[in-house]
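**Q** Please read through the structure below; I'll follow up with questions.
The values are calculated or read from the model by the stated rules, or taken from the named source; none is laboratory data. Just so you know, these numbers come straight off a predicted model, no measurement behind them. For neighbour counting, all protein chains shown are included, and Cβ atoms are generated from backbone atoms with ideal geometry for every residue, glycine included.
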Amino acid sequence: MLFRCLVSTFLFLAFLGGAPAEAEEMVIEDTYLIDVAKGWTVTSAEPGYTIFISPDQANVFLITTGQSIPKHREKTAAMVKKYDRLRIGSPDRFVTLMRVRAKRVAVTILGDHPDRVKTYWSIKEKPGGGMGAWRNE
C-alpha cells in the first residue's frame, strides 16, 4: 500500500514538473525561457509581445515583457477578443498572470490543451540576460 502511494506520488510530481511532450526550450526576447511542444506556432507580434498557439488552436498563450498587467491587457485585447470562443462556457479557460515578476513577463492563457499547465510552469527568467540588468548599474 505504501509503495503504491509512493509510486503514485512520484508519477504525479514527474507529470507536473516535466516539460511538455517533445518540447524545445526557447529563449524569448533574451528575457525568459519557455518549453514549447512540437507543433505549436510561435509568432512575435511586436517587440515584447509573443503569441503561442497550440497545434489544434484550442489553447493560446499571449506573453508580453516589460508591461504591467493593465498594459499587458491593453496590448493583448485584440487577440483576447479574436480567441474569445476558447473560453465560452468555461471561465476557467482564461487567466492573466505575472509569471516572472522581476522582468514583468505577463501571460494570458486562453483555452485548454494537454500541455497548457506544463507550458505555463516552464516559463522562467533567463539567467543573466535581458531586462532588469539595469538594476546592477
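**Q** I'd like the residue in the stretch 46-71 that is out of contact with any helix residue (DSSP H, G or I) (no Cβ under 9 Å at 6 or more places or on another chain) and not in a strand (DSSP E or B) and, out of all such residues, is nearest to Ile28 (Cα to Cα).
**A** Pro47
**Q** Identify, please: which residue in the stretch 72-83 is in a helix (DSSP H, G or I) and touching a residue at least 12 places away in the same chain (Cβ under 8 Å) and is, among those, nearest to Gly111 (Cα to Cα)?
**A** For the stretch 72-83, the residue satisfying everything is Val80.
**Q** Now for a different question. In the stretch 120-137, which residue that is surrounded by fewer than 16 Cβ atoms within 10 Å (Cβ to Cβ) and of a type in the set (Lys, Arg) is modelled with the highest pLDDT?
**A** Here the residue is Lys124.
**Q** Spot the failing condition for Gly89; the list is (1) of a type outside the set (A, V, I, L, M); (2) without any contact (Cβ under 8 Å) to a residue 40 or more places away in the chain; (3) in a helix (DSSP H, G or I), and only one is missed.
**A** Among (1) of a type outside the set (A, V, I, L, M); (2) without any contact (Cβ under 8 Å) to a residue 40 or more places away in the chain; (3) in a helix (DSSP H, G or I), Gly89 violates only (3).
**Q** Sticking with this structure for a sec: I'd like to know if the stretch 94-102 contains one or more residues that are at pLDDT below 95, touching a strand residue (DSSP E or B) at 6+ places or on another chain (Cβ under 7 Å), outside any helix (DSSP H, G or I) and of a type in the set (Phe, Trp, Tyr).
**A** Yes, the stretch 94-102 contains at least one residue that is at pLDDT below 95, touching a strand residue (DSSP E or B) at 6+ places or on another chain (Cβ under 7 Å), outside any helix (DSSP H, G or I) and of a type in the set (Phe, Trp, Tyr).
**Q** Could you figure out which of (1) surrounded by 14 or more Cβ atoms within 10 Å (Cβ to Cβ); (2) at negative phi isn't true of Arg104?
**A** Tallying (1) surrounded by 14 or more Cβ atoms within 10 Å (Cβ to Cβ); (2) at negative phi, Arg104 fails exactly one: (2).
**Q** Next question. Mind listing whichever residues of the stretch 41-57 are farther than 19 Å from Met98 by Cβ and under 12 Å from the mean Cα position of the chain (by Cα)?
**A** Val42, Ile53, Ser54, listed by residue number.
**Q** Among Val117, Val60, which is at pLDDT 95 or above and either among the small types (Gly, Ala, Ser) or within 14 Å of the chain's Cα centre (by Cα) (or both)?
**A** Within the list Val117, Val60, the selection yields Val60.
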